[in-house]
Amino acid sequence: MNRKQFLILLVALVVLGGAGLLLVRQDVADYRASGAKIGAKLLPSLRIADVAEVRLQDAKNQVTLVRKEKTWAVQERGGYPASFQEISDLLIKLVELKVTQSEQVGASLYPRLALAEPGKGVEGAGTAIEFKDAAGKPLARLVLGKKVLKKDPMNPLPSAKDGVPAGRYVRVEGAKDTIVVVSDPLEKAAADPGRWLTKDFIKVDRIKTLAVGPEGGAPNWKISRDEEWGQWKFAAGGERLHPSAAVMAVNKLGQLSFNDVAADPGAEAADKPVAIVAETFDNLVYTLKFKKTAKGDDYFMSFKVTGEPPKSRTVEKGEKPQDKERRDKEFAETRKRLEGRIAFENVLGQWTYVIAKGELEPLLRSRSDMTVPKPGGKKEGTGK
């Protein structure tokens, strides 16, 4: 081989080697970008601290979760507080999730795996999840598809005949035609706005009087007690109050739950409002208004809290100094907690809620249903 031939061969090797190196680098970049490596993290570059917005969309719904300082809000529900725990759980799960299987699948097959882009009328649409930072810059995007089912011979339930959810098909944006399977079905990653609302709600306790009736009119019934642990009785009338009916109504106000926040608070209702007024031993008055929705059995509910808790306590006769100090401290701590709760409930009072009919049954009973039956099955005071 002469010098000229050697130089030509050397140049060729350099060129081919450089091209080969570029191809290898490109393949590695594509491989990493796809997140397709078995055992690799699904979203390796996503940092929870950078996420300020999470948007989920499927064929029917969409929800936008927005971080505001240390809290999250549901944009489609007028900025209603979102569940920090639920969002945190989803983010932690996604950043730690690893690929268990990888396949090359053309876009024409996406609908079969429910990985098509969500939109109205789109068949085989998946659930898209997009993450943005505080400046609105996209951080990552993926589409969740069908759940991967696994046979469980030890599960006798009929619902498990086709298998139990053991994973999910996922398509990460930027991964070309690569789809992956992850080991978690991600069942809570839903685009329903109501799914993400914080369920912390008003808790009416230490009730002194409770009245239920049409808004602006005389109550259908009103019950009261003289002491916190005293016996309930009708505020007027000669009937005997059924103790369990009273307890159920009072307890319900301490554990009310809602299904959703009304997207359209001005929506028409089928009936005139029912007002529930509860006065407490803490000098607070809770006024709740219910209107049956035009469709279905749900109710719209709005409420407000008025009054102010006592600023001082009544010192008992003969109270010892050490007892007074302890009780004063307990009273101050209780008042502080109560003020915090009132402030929180006043914030919640800005919205209108959707509540299931069954949730309100103990409160919407008629007066006769609150009365002890006479011997022979007749209600007292009714003559029936």
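The values are calculated or read from the model by the stated rules, or taken from the named source; none is laboratory data. Here the structure is a predicted model, which means the values were calculated and not measured. We place every Cβ from the backbone using ideal geometry, glycine too, and count neighbours over all the protein chains shown.
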Discussion item. All but one of (1) out of contact with any strand residue (DSSP E or B) (no Cβ under 6 Å at 6 or more places or on another chain); (2) aromatic (Phe, Trp, Tyr); (3) buried (at least 18 other Cβ atoms within 10 Å of the Cβ) hold for TRP232; state the number of the condition that does not hold.
Written reply: (1)
Worksheet entry | Residue among SER83, SER102, SER108 that alone is within 18 Å of the chain's Cα centre (by Cα) and either under 20 Å from ARG141 (Cβ atoms) or assigned by TED's automatic domain parsing to the domain that holds VAL180 (or both) | SER83
Discussion item. Residue under question is LYS252, and the condition is that it be among the basic types (Lys, Arg), modelled with pLDDT of 95 or more and more than 30 Å from VAL74 (Cα to Cα); does it hold?
Written reply: no
Fill in: Residues that are at pLDDT 95 or above, among the aliphatic types (A, V, I, L, M) and part of a strand (DSSP E or B), drawn from region 126-160
ALA128, ILE129, LEU139, ALA140, LEU142, VAL143, LEU144
Worksheet entry | All strands (runs of 3 or more DSSP E) inside region 212-300 with 3 or more residues being under 34 Å from the mean Cα position of the chain (by Cα) and of a type in the set (A, V, I, L, M) | 274-280, 284-292
Worksheet item: Can you tell me which residues in region 89-125 are assigned to a helix (DSSP H, G or I) and more than 24 Å from VAL51 (Cα to Cα)?
Response: ALA107, SER108, LEU109, TYR110, PRO111, ARG112, LEU113
Worksheet item: Would you call GLU325 farther than 26 Å from ARG225 by Cα, among the charged types (D, E, K, R) and without any contact (Cβ under 8 Å) to a residue 40 or more places away in the chain?
Response: yes
Worksheet entry | First in region 334-345 and in the same structural domain as PRO309 (by TED's automatic domain parsing), second anywhere and of a type in the set (D, E, K, R) and not in a helix (DSSP H, G or I), Cβ under 7 Å, 6 or more apart | LEU338/ASP282
